[in-house]
Amino acid sequence: MELLKILNILSFKIKNYKFISGGDINQTYYLDTDQGKMFLKYNLKSHYPNLFQCEYNGLKVIEESQTFKIPTIIECSEEDHLQFLILKWIEKGTPQEKTWEIFGSNLAKMHSIPQPYYGFTEDNYLGTLVQKKPQCISWKDLYSNFRILPLAEKLFNDKKFNSKDLLSTEKFCNSINEIFPTENPSLLHGDLWSGNFIISNTQEIYFIDPAVYYGHREMDLGMSKLFGGFSPLFYESYNEVFPLENGWKARLPYTQLYPLMFHAYEFGGFYIDEVKNILKNFY
């Protein structure tokens with residue numbers, strides 16, 4: 001059994017373990033050990049090379065920003081054909097109003113830290129999608145050439161897009177400078193939906209499962225709005241610390257285009273109608 005291969009090499013004693021459902025990509029387990037409660041996830045090295053090392057690196061970059069906590073990283077390693085990541089277990093709580101305010105404020109602070117370019121220092125992952133690491137001088141270059149257009153090609157090859165859809169995608173990409181206000185690149189969580197942060201039972205905010213890169217800050221706001229779950233206090237607090245440019249709500253669909261295109265590609269065409277609805281303005 002793959003799980004036992006990992007458990008047998010750990011330096012601490014496993015008292016009990018339990019499978020946790022809900023993940024789309026990895027096998028995930030709760031571990032009760034002689035050194036406390038932990039969270040384990042693993043996958044095949046051949047499926048998504050360096051998946052957990054990329055996650056580890058992204059978590060450390062967020063931690064270094066001194067804006068959000070991350071779960072204590074116990075181990076990130078490989079064994080035989082497997083790769084795995086073990087984090088300290090975080091007991092979840094119910095967020096209070098003040099916690100949402102702190103959350104918004106801290107995200108604004110993270111976004112306000114100057115970054116040198118658009119892109120990142122290494123390739124990493126958005127879910128199962130490899131995010132390329134180019135170091136671009138403009139948001140248009142990164143978003144069009146390394147995010148949107150490659151996904152449009154994948155959707156076309158999968159027959160989810162036709163030639164007209166490709167043309168509208170290209171028109172959208174050519175309009176990026178007119179759509180988005182010019183701002184300095186920000187450190188982004190990159191996949192900021194309600195399943196990728198934890199409010200602990202002590203009201204501390206932990207980021208998990210990042211897809212970090214340096215990009216336009218409205219991308220994190222758009223992702224947070226895509227599936228819901230964030231209090232209005234979160235956005236109000238963010239806007240007080242680092243005011244958003246006028247029209248940011250109208251631009252949300254254009255920030256959501258990237259994750260929606262990925263979901264349409266990853267899940268066999270689901271969300272394709274949402275993608276085409278955004279692009280219809282460019283037909």
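For the structure I just gave you, tell me whether Y214 is of a type outside the set (V, I, T), assigned by TED's automatic domain parsing to the domain that holds I278, buried (at least 22 other Cβ atoms within 10 Å of the Cβ) and more than 18 Å from the chain's Cα centre (by Cα). Here the answer is no, as Y214 does not meet what is asked.
Within the range 129-172, the residues that satisfy the criterion of being among the small types (G, A, S) and free of Cβ contacts under 8 Å to residues at least 40 places away in the same chain are S138, S144, S163. Can F52 be described as hydrophobic (A, V, I, L, M, F, W, C), outside the structural domain of Y213 (by TED's automatic domain parsing) and surrounded by fewer than 17 Cβ atoms within 10 Å (Cβ to Cβ)? The answer is no for F52. In the set G268, G228, only one residue is in a loop (DSSP other than H, G, I, E, B) and in contact (Cβ under 8 Å) with a residue 24 or more places away in the chain; that residue is G228. The strands (runs of 3 or more DSSP E) located wholly in the range 1-77 that include 1 or more residues which are within 24 Å of I205 (Cβ to Cβ) and among the β-branched types (V, I, T) occupy 14-20, 27-33. Give the residue, chosen from Y17, Y30, Y56, that is under 25 Å from E266 (Cβ atoms), in contact (Cβ under 8 Å) with a residue 12 or more places away in the chain and among the hydroxyl-bearing types (S, T, Y). Checking each option against the conditions leaves just Y56.
Scan the range 170-178 and give yes if some residue there is within 20 Å of K133 (Cα to Cα) and assigned by TED's automatic domain parsing to the domain that holds I137, otherwise no. For the range 170-178, residues within 20 Å of K133 (Cα to Cα) and assigned by TED's automatic domain parsing to the domain that holds I137: present. The sole residue among K98, K171, K159 that is within 22 Å of H189 (Cβ to Cβ) and basic (K, R) is K98.
Of the residues making up the range 246-255, those that are closer than 12 Å to M219 by Cα and surrounded by fewer than 22 Cβ atoms within 10 Å (Cβ to Cβ) are W248, K249, R251, L252, P253.
Across the range 160-202, the qualifying residues are those that are of a type in the set (K, R) and part of a helix (DSSP H, G or I), and the one among them that is surrounded by the fewest Cβ atoms within 10 Å (Cβ to Cβ) is K164.
Return a yes/no flag: does the range 229-245 have any residue that is buried (at least 18 other Cβ atoms within 10 Å of the Cβ) and within 16 Å of the chain's Cα centre (by Cα). Checking the range 229-245: at least one residue is buried (at least 18 other Cβ atoms within 10 Å of the Cβ) and within 16 Å of the chain's Cα centre (by Cα).
The values are calculated or read from the model by the stated rules, or taken from the named source; none is laboratory data. This one's a predicted model, so the numbers in the text were calculated from it and none came from an experiment. Note that each Cβ is placed from the backbone with ideal geometry, even for glycine, and that neighbours are counted across all protein chains shown.
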